[in-house]
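Student: Quick one: structure below, then a few questions.
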Amino acid sequence: MTEYPQPYQLAFDDAVDVWLRHWDGEYQHHIAASYGINPGRVNDVLKGRKHLGSEQVAASKRRAA
């Protein structure tokens, strides 16, 4: 039996980074590739299906920068 590594799960801080990179104009598939995940997981964050509140945290970070 072949054991496969567990797929990477985006953490809340990753989701904040996804928002910041998305707002900077980076394509979803490029963001996903940097984490080694399916682009659908990035889309889950951007559509509010995962990591609720990450958009607000990212917006706060962006304003503070």
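Student: If one puts a single equal scatterer on every Cα of the chain and applies the Debye formula without solvent, what log₁₀ I(q)/I(0) results at q = 0.13, 0.25, 0.26 Å⁻¹?
Tutor: The computed values of log10 I(q)/I(0) come out as -0.35, -1.06, -1.13.
Student: Tell me the label-point distance for the pair HIS30, ALA11, using the 7 Å Cα-to-Cβ offset, in nm and rounded to one decimal.
Tutor: In this crude label model, HIS30 to ALA11 measures out at 2.5 nm.
Student: Given the Cα-Cα distance of ALA59 and ASN43 and 0.36 nm per residue of separation, how much length would full extension add, in nm? Display every interim value, and only then the final one.
Tutor: Numbers: separation 16, 0.36 × 16 = 5.76 nm, distance 1.75 nm.
Taking ALA59 through ASN43 to full extension adds about 4.0 nm, to one decimal.
Student: If you don't mind, another one. Which listed residue (GLY40, HIS22, ALA11) has the Cα farthest towards the positive end of the charge dipole for the chain, taking +1 on Lys and Arg C-beta and -1 on Asp and Glu C-beta about the Cα centre?
Tutor: After comparing all options, I get HIS22.
Coordinate-derived values only; no laboratory data. Computed from a predicted structure; not experimentally measured. Neighbour counts are summed over all protein chains in view; Cβ atoms, including those assigned to glycine, are modelled from backbone coordinates with ideal geometry.
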